[in-house]
Amino acid sequence: MARGMVIIGAGECGGRAALALRELGYDGPVTLVGDEPHLPYERPPLSKDAMVSEAPEIKAIASDAILAEKSIRHIHSVQAVAIDRTAHAVRLSDGSVLPYDKLLLATGSTPRKLPMPGLGRRCVYLRTFTDALAIRAHLTAGNRIAIIGGGFIGLELAAAARKLGAAVTVIEAQSRILMRGVPAEIARIIHDAHVAEGVDILCGDGIASIADDGNEVRITLADGQEISADLAVIGIGAMPVTGLAAEAGLTIDNGIAVDAELRSSDPDIFAAGDCCSFPLTVYGGRRVRLEAWRNAQEQGALAARNMLGAGEAHAAVPWFWSDQYGLSLQIAGLSDEGRSTVRRDLEGGAFILFHLAEDGRLVAASGIGPGNAVARDIRLAEMLIGKRAKPAPEALGSQAVKLKSLLAA
Amino acid sequence: MSDWVEACATGDIDEEDVMRFDHGGRTFAIYRSPDDEFFATDGLCTHEKVHLADGLVMDDIIECPKHNGRFNYKTGDARGAPVCVNLKTYPVKVDAGKVLIRIG
């Protein structure tokens, strides 16, 4: 009898992988192990809708009924503590042992901890639904919220907190917000939107000290400025969860190192989503690790296919979005691959920056605008990037030329 | 009494494209296929209530602008994660250069 497929991590990636195994017709045992008490759920709403709703609800990827119907065994509230690669078995924190034919590590990432003394119970991180509920309780009119880190999680949270009338200060040590992966021209628009909504953004100054007495957090910046808050939310990036893999002797390289088919250094163990680094075919095999919802979803599905022997290489173009106030940002590709940019203006103040490599190849596109104004063109750009197209810069910059026409060329 | 509603003129939508149509407090998406036929579906994605008319039409697929949920707009069939609920479709006819949909 088949030992079956075991998936460690019941988030977007693990959940999708389990469903995909069944969609592909696999009929052996499928076990999904998660350390949270919830059904597999979507995390993007945690910093967005869940923060402004009166009673935030889990957006489940699969209900109990679906999991039962598909014979997916979901073991929640436990951790995988060790992998015995020789015996092909995983030991769990409740003492049980799960044998596997193929193992998928979809362990995700965890918030990077602020390496400072003085943090107490009013200094928190956002990763799980439970974290979101705890933060949500503090987002009330007049409450003072300090957000440490001007990245996406912090900024989305700032927008939600303002909607609920909280007083918000964002503290970013770099010279501007969204330093990583977002062009300055677009970061400026997001910055201005926050300021217009009443958010205080402090850039370019590190934190000298934090004092949290359990009722209030006092943050002192390097220049002496003091910020007092009822809650400090720390959003300074994420680290891949690799402890289990490292203990088992798998190769780690900014995440669990996998090949283009998402296979780790052990051929029967795969890794996918935030926890793995993989060669990105579209950029000549450059090794990257992505912390993105769509990547988690796509890699979960790809891992499922390859666990069943498809031998399919990852070929997707990275894609990411963020919503703040009425603005939506979308980025396809990795903009740091670009050497020059071409701007295309769309209706309603929306625009897209196309990033071109030295040889003229389109390597990324970053767009911002109201609602979903940039979505269609970013999607077309993503296809052009995937095709390694070298569209004429004049065509990219002209609203009169339809991007779809460039795809056919 | 006919329940056919005029949505737009045929020339309002390019081939292989989509347009939003609001009527009676509801929202719809009207499509023109690459082979010049017209179709209509509910206007909002079944995943997170996003207007599909902002999405991209490729052949007989409409892709949600937000999370890339895909549907066959001719049949309403959901085509994989994150969408799992099919899209409702509506009968369409073209009459004297007008696109009409039957809202049931």
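So for chain A, averaging the separation of alpha carbon pairs under 8 Å that are six or more residues apart and normalising by length, what relative contact order in percent results? Intermediate results must be reported in sequence, preceding the final value.
Details: 952 pairs, mean separation 56.9, N = 409.
Value for chain A: 14 percent.
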Can you give me the Cα centroid spacing of region A:271-313 and region A:29-89 in angstrom?
20
Can you list residues from other chains, or at least 5 along the same chain, whose modelled amide H is less than 5 Å from the amide H of residue B:98?
B:10
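Tell me which GluC sites (Glu not before Pro) from region A:316-393 have a DSSP coil assignment and no more than 11 other beta carbons within 10 Å of their own. Don't jump to the answer; show the numbers that get you there.
On the way: sites: A:337, A:347, A:358, A:382; in loops: A:358.
Taking region A:316-393 and a limit of 11 other Cβ atoms within 10 Å, the loop GluC sites (Glu not before Pro) found are A:358.
Could you calculate the FRET efficiency of residue A:140 with residue A:73 from 1/(1 + (r/R0)^6), where r is the beta carbon distance between them and R0 is 41 Å, rounded to 0.05? Let's see the in-between values first.
On the way: r = 41 Å, r/R0 = 0.99.
Working from the Cβ atoms, E equals 0.50.
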Under the Karplus relation 6.51 cos²θ - 1.76 cosθ + 1.60, θ = phi - 60°, what is the ordered set of whole-Hz ³J(HN,Hα) values for region A:201-217, x standing for Gly and Pro?
10, 10, 10, x, 9, x, 8, 7, 7, 10, 10, 10, 8, x, 10, 8, 10
To the nearest 10 Å², what's residue B:58's accessible area with a 1.4 Å probe?
60
What lysines could a cross-link reach from residue B:49, if we take a straight Cα to Cα line under 19 Å and drop same-chain neighbours fewer than 8 places away?
A:48, A:59, B:66, B:88
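Within region A:255-304, report the GluC sites (Glu not before Pro) that DSSP leaves as loop and that have at most 11 other Cβ atoms within 10 Å.
none
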Cross-link reach list, lysines versus residue B:93, counting only Cα pairs under 18 Å and skipping chain neighbours closer than eight places:
B:74
What are the residues whose amide H is under 5 Å from the amide H of residue A:109, where those residues sit 5 or more places off or on another chain and H is modelled from the backbone?
A:241
Find which of A:179, A:25, A:140 sits farthest along the positive direction of the dipole of chain A, computed with +1 on the beta-carbon of Lys and Arg, -1 on that of Asp and Glu, about the Cα centre.
A:25
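What does the charge dipole of region A:1-128 about its Cα centre add up to, to the nearest 20 debye, if the Cβ of each Lys and Arg holds +1 and the Cβ of each Asp and Glu holds -1? Working shown, then result.
Values: 16 positive and 14 negative charges, 113 e Å.
It works out to roughly 540 debye.
Students sometimes get this wrong: rank A:123, B:84 by accessible area, probe 1.4 Å, all chains present, largest first. Display every interim value, and only then the final one.
Details: A:123 15, B:84 115 Å².
I get B:84, A:123, largest accessible area first.
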Mean residue ellipticity at 222 nm from the helices of chain A, using -39,500 (n - 2.57) per DSSP H segment of n ≥ 4 over the full residue count, to the nearest 500 deg cm²/dmol?
-6500 deg cm²/dmol
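What does the average come to when, for each residue of peptide A:367-376, you count the partner chain Cβ atoms lying within 10 Å of its Cβ? Each step should come with its number before you reach the end.
Details: counts 0, 0, 0, 0, 5, 9, 2, 2, 10, 9.
Across A:367-376, the average partner-chain Cβ count within 10 Å equals 4.
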With every protein chain in place, the accessible area of residue A:48 for a 1.4 Å probe, in Å² rounded to the nearest 10, comes to 30
Once B:32, A:305 are ranked on solvent-accessible area with the largest value leading and a 1.4 Å probe, the list reads A:305, B:32
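The values are calculated or read from the model by the stated rules, or taken from the named source; none is laboratory data. Here the structure is a predicted model, which means the values were calculated and not measured. A quick note on method: Cβ atoms are made from the backbone with ideal geometry, for glycine too, and the neighbour counts reach across all protein chains shown. Protein only, heavy atoms only, side chains kept; ligands, DNA and RNA dropped before computing areas. Shrake-Rupley method; radii C 1.70, N 1.55, O 1.52, S 1.80 Å.
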